[in-house]
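Novice: Have a look at this one before I ask anything.
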Amino acid sequence: MVSCNQYQKTKSGLAYKITQGGNKEKLKQGQFVKMNIKFSVGSKDSILTSTFGHIPAYLMVDSARTGKYSFLELLPLCAKGDKVDFSLSIDTLKKMGMIPDYNNVFVRKGIIKGKFEIVNVFANDKEVNDDYKKENDKEKAKEIADLEKYIAGKNIKTQKSENGVLVEIENAGTEPKADTGKQVSVFYKGYTVDGKVFDTNTGKDAQHKDPINVVLGKQGVIPGWEEGLKFFGKGGKGKLYIPAMMAYGPQGRPPVITPFSNLIFDIEVVDITAAPAPTAPNFWCGAVY
């Protein structure tokens with residue numbers, strides 16, 4: 001392993017250090033890279049986002065779209081197996097309009113630390129898609145295993161949906177069960193595995209206290225709900241233990257739902273009805289209003 005002892009800088013001022021992995025063939029225009037990347041901030045290196053241990057990122061090498069003061073500037077300098085450390089000045093990002101304002105995370109004179117590694121290189125979309133599917137399946141299997149371990153530790157009995165949602169049924173409700181094309185009215189409380197509530201329509205702290213109406217099959221909710229609600233009929237009550245890739249996946253919904261967070265929902269199905277008919281457009285003189 002060969003590395004530069006000191007940080008260098010790109011033309012835009014981005015400080016970086018490359019630790020070479022032994023491959024001398026630099027990345028080329030139009031290639032696709034599979035990479036792990038992490039951003040952290042503050043004296044305790046609090047992680048902003050990271051793909052390490054999860055699904056890697058996939059990017060095309062495109063010199064025309066690197067932008068300024070971005071890790072993308074560094075890709076043409078790298079080869080497969082290389083590891084890169086870099087840093088970004090929060091003040092510089094603020095001046096360039098990349099950060100709208102200072103806050104308790106992005107502070108004056110602060111530094112964002114970054115690191116990435118080039119895991120693999122692909123020539124075309126098909127190779128990328130095939131590899132991503134493998135990584136996606138591996139990530140989902142890991143998440144399901146983590147939830148199963150959590151449930152086993154609490155001696156909870158569940159059923160598993162086709163794609164790995166674990167369903168604890170306290171009351172199955174009446175027949176027929178919820179199904180595609182039906183509208184399901186639900187009271188719920190959503191929280192992370194460590195108990196942080198991020199949304200609810202029950203209890204005194206609820207911002208909205210009416211049941212939420214979900215038409216199954218319309219993809220208006222996370223996939224974990226689409227599958228989990230089908231275990232219940234009217235009056236049904238239970239819990240959905242949802243793997244991150246059946247919820248908000250790599251993006252999460254910060255600040256409470258961090259990337260790759262498994263989620264738990266307490267749910268109560270108060271009604272199941274036919275889905276409302278779509279509203280017909282009004283036509284007048286060939287125009288749609």
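The values are calculated or read from the model by the stated rules, or taken from the named source; none is laboratory data. None of these values were measured; they are calculated from a predicted model. Neighbour counts run over all protein chains shown; Cβ positions are idealised from the backbone, glycine included. For accessibility, only protein heavy atoms count, side chains too; no ligands or nucleic acids. Shrake-Rupley method; radii C 1.70, N 1.55, O 1.52, S 1.80 Å.
Novice: Could you work out the relative contact order of segment 82-166, using alpha carbon pairs under 8 angstrom and six or more residues apart, expressed as a whole percent?
Specialist: Values: 51 pairs, mean separation 21.4, N = 85.
With pairs under 8 Å counted, the relative contact order is 25 percent.
Novice: Once you have the alpha carbon radius of gyration of segment 139-269, what is it after dividing by 2.2 N^0.38 Å, with N set to its residue count?
Specialist: 0.99
Novice: Right, another one. Given a Förster radius of 25 Å and the C-beta distance between residue 132 and residue 256 as r, what FRET efficiency does 1/(1 + (r/R0)^6) yield to the nearest 0.05?
Specialist: It comes out at approximately 0.40.
Novice: How much of residue 54 can a 1.4 Å solvent probe reach, expressed as accessible area in Å² and rounded to 10?
Specialist: Here the residue's solvent-accessible area equals roughly 60 Å².
Novice: Among 121, 270, 105, determine the one that fluctuates most according to a GNM of the chain built with springs between C-alpha atoms less than 10 Å apart.
Specialist: Fluctuation is largest for 105.
Novice: Still on this structure, I have one more. On C-alpha positions alone, give me the angle between the axis of helix 125-153 and the longest principal axis of the chain, in degrees, nearest 10.
Specialist: Result, in degrees: 60.
Novice: Now for a separate question. Which links in 196/218; 38/83; 157/239; 17/134; 177/204 stretch past 19 Å when you go from one Cα to the other?
Specialist: Result: 196/218; 17/134; 177/204 exceed 19 Å.
Novice: Over the chain, what is the relative contact order in whole percent, taking alpha-carbon pairs under 8 Å and six or more residues apart?
Specialist: It rounds to 16 percent for the chain.
Novice: State in Å² the accessible area per residue of the chain; use a 1.4 Å probe, count heavy atoms of protein chains only, and round to the nearest integer.
Specialist: That works out to 59 Å² per residue.
Novice: Over the chain, how many percent of alpha carbon pairs lie in each 10 Å bin up to the one with the longest distance?
Specialist: Per 10 Å bin, starting at zero, the Cα-Cα P(r) for the chain comes out as 6, 21, 24, 21, 18, 9, 1, 0 percent.
Novice: So if I take the centroid of the Cα atoms in segment 193-221 and the same for segment 111-177, what is the distance between those two points in Å?
Specialist: 21
Novice: For a quick check, take a GNM of the chain with Cα springs below 10 Å and name the residue from 247, 145, 64 with the largest mean-square fluctuation.
Specialist: Per the Cα network of the chain with a 10 Å cutoff, 64 tops the list.
Novice: At 0.36 nm per residue, minus the direct Cα-Cα distance, what do residue 275 and residue 57 gain on full extension? Give it in nm, one decimal, please.
Specialist: Answer, rounded to one decimal: 74.6 nm.
Novice: Can I ask one more? Using the structure shown, list the pairs from 133/182; 44/142; 115/160; 95/115; 68/140; 149/182 with a Cα-Cα distance above 29 Å, or answer none.
Specialist: Checking Cα-Cα distances, 133/182; 115/160; 68/140; 149/182 exceed 29 Å.
Novice: A further question on this structure: So between residue 9 and residue 197, what do we pick up on full extension, going 0.36 nm a residue minus the alpha carbon distance?
Specialist: 63.4 nm
Novice: Could you work out how far apart the two model spin labels at residue 108 and residue 207 are, taking each label as a point 7 Å from the Cα in the direction of the beta carbon, and quote it in nm?
Specialist: 3.1
Novice: In percent, what relative contact order does segment 162-289 have, based on Cα pairs under 8 Å that are 6 or more apart in sequence?
Specialist: That works out to 35 percent.
Novice: Quickly estimate the mean residue ellipticity at 222 nm for the chain, helices only: each DSSP H run with n ≥ 4 gives -39500 (n - 2.57), and the total goes over all residues, rounded to 500.
Specialist: Estimated from H runs of four or more residues: -4500 deg cm²/dmol.
Novice: Something else now. Largest first, please: the extent of the C-alpha atoms of segment 8-106 along each principal axis, to the nearest Å.
Specialist: Largest to smallest, the principal-axis extents are 41, 30, 22 Å.
Novice: Where the accessible area of segment 1-153 is counted over protein heavy atoms with a 1.4 Å probe, how much of it, in %, is carbon and sulfur? Write down the numbers at each step before the final one.
Specialist: Working: 4720 of 9230 Å².
Of the solvent-accessible surface of segment 1-153, carbon and sulfur hold 51 percent.
Novice: Within segment 171-272, list the trypsin sites (Lys or Arg not before Pro) lying in a DSSP loop whose Cβ has at most 12 other Cβ atoms in a 10 Å radius.
Specialist: Listed in order of number, the matching sites are 204, 209, 218.
Novice: Pick out which of 102, 150, 58 has the largest mean-square fluctuation in a Gaussian network model of the chain, springs linking Cα atoms closer than 10 Å.
Specialist: Comparing 102, 150, 58 in the GNM, the peak value goes to 102.
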